[in-house]
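Q: Here it is, the structure, as structure tokens.
The numbers here are math on the coordinates, done by the rules we state, and not lab data. Remember, it's a predicted structure, so these values are computed and weren't measured experimentally. Here the Cβ positions follow ideal geometry from the backbone for every residue, glycine too, while neighbour counts run over all protein chains shown.
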Amino acid sequence: MKFVNWKVMLSLTLIGSSALIYLTNFFIFKDMNYMLRLFLAQLGFLPISVLLVTIIINQLLSQHAKRSKLAKLNMVIGAFFSEVGASLLKRLASYDVDKDNFPKELNSMEEWTEAEFPAFTRRLLTHDFQITMDDAGISGLRTFLVGKRDFMLRLLENPNLLEHDSFADLLLAVFHLTEELAERTDLTRLSPADREHLTGDIFRVYARLTVEWLAYMEHLRKNYPYLFSLALRTNPFDPQASAEIK
């Protein structure tokens with residue numbers, strides 16, 4: 001209610017100020033015809049003014065605000081991959097039965113054209129991700145994810161995640177997998193049906209994580225070449241990758 005009253009007061013003040021200026025003009029120059037011509041001229045410009053303010057300027061401000069939010073979101077995504085994503089992707093990729101098909105292409109990412117990033121993403125979206133993970137691998141995955149749960153919870157508190165549906169879906173998929181693994185008392189005695197269920201959850205995380213990692217790498221190459229260099233040298237799909245420059 002206070003906000004509404006404030007807007008009403010502001011409207012009355014502006015209208016009163018305009019009327020006062022017109023009255024002052026009339027008392028000084030005594031020229032009603034000129035005032036009417038001036039009023040009609042200003043009235044004619046009003047639709048253009050509305051166009052400039054409410055559409056063009058508002059659109060520019062919205063784009064600036066969106067870019068600012070995306071910049072903050074990319075910082076959140078960067079923190080995720082530094083703390084969780086890159087290590088998780090490397091862990092999952094090591095159990096990918098088709099892992100040898102990726103490293104050579106990804107290591108040449110620095111030379112890719114802009115069109116190659118979406119083309120490779122489309123390949124990933126249709127790729128049949130297959131992971132054969134033994135009991136030790138599943139147990140290690142649970143230990144890793146449970147240890148990162150608090151960090152990921154803090155990421156979910158960031159309102160900028162609403163601007164990036166696919167990354168938010170990735171986090172939810174990772175959380176779901178974490179909870180599924182944490183609820184099992186003995187991962188070495190999984191029934192075939194339970195193992196199949198967990199494998200499906202792992203596939204979901206692996207597929208979405210790979211796509212988001214590629215999008216993040218594209219962002220780094222465009223905006224932060226020095227970060228891209230390190231991320232490329234530590235390519236999670238390459239078991240021989242090393243941050244050291246040889």
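Q: Dipole of the range 128-246, Cα-centred, from +1 at each Lys and Arg C-beta and -1 at each Asp and Glu C-beta, to the nearest 20 debye? Intermediate values should be presented prior to the final figure.
A: Values: 13 positive and 19 negative charges, 96 e Å.
Dipole size: approximately 460 debye.
Q: Spelling out what I want: for every residue of the range 195-205, take phi, set θ = phi - 60°, compute 6.51 cos²θ - 1.76 cosθ + 1.60 (Karplus), and round to whole Hz; glycine and proline get x.
A: The phi angles translate into 5, 5, 5, 5, 4, x, 5, 5, 4, 4, 5 Hz.
Q: Test of understanding: ordering LEU232, LEU209 by Cβ neighbours within 10 Å, fewest first, what list do you get?
A: Numbers: LEU232 18, LEU209 23.
So the ranking, lowest neighbour count to highest, is LEU232, LEU209.
Q: Next up: Give me the extension gain from ILE245 to TYR22: residue separation times 0.36 nm, minus the current Cα-Cα distance, reported in nm with one decimal.
A: Fully extending the segment from ILE245 to TYR22 adds 72.8 nm.
Q: Computed FRET efficiency, Cβ-Cβ of LEU153 and MET9, R0 41 Å: what is it to the nearest 0.05?
A: Details: r = 44 Å, r/R0 = 1.07.
So the FRET efficiency works out to roughly 0.40.
Q: With label points built 7 Å along Cα→Cβ from the Cα atoms of ASP194 and LYS90, find their separation and express it in nm.
A: 3.1 nm
Q: What distance in nm lies between label points placed 7 Å from Cα along the C-beta direction at PHE175 and PHE45?
A: A separation of 5.3 nm, rounded to one decimal place.
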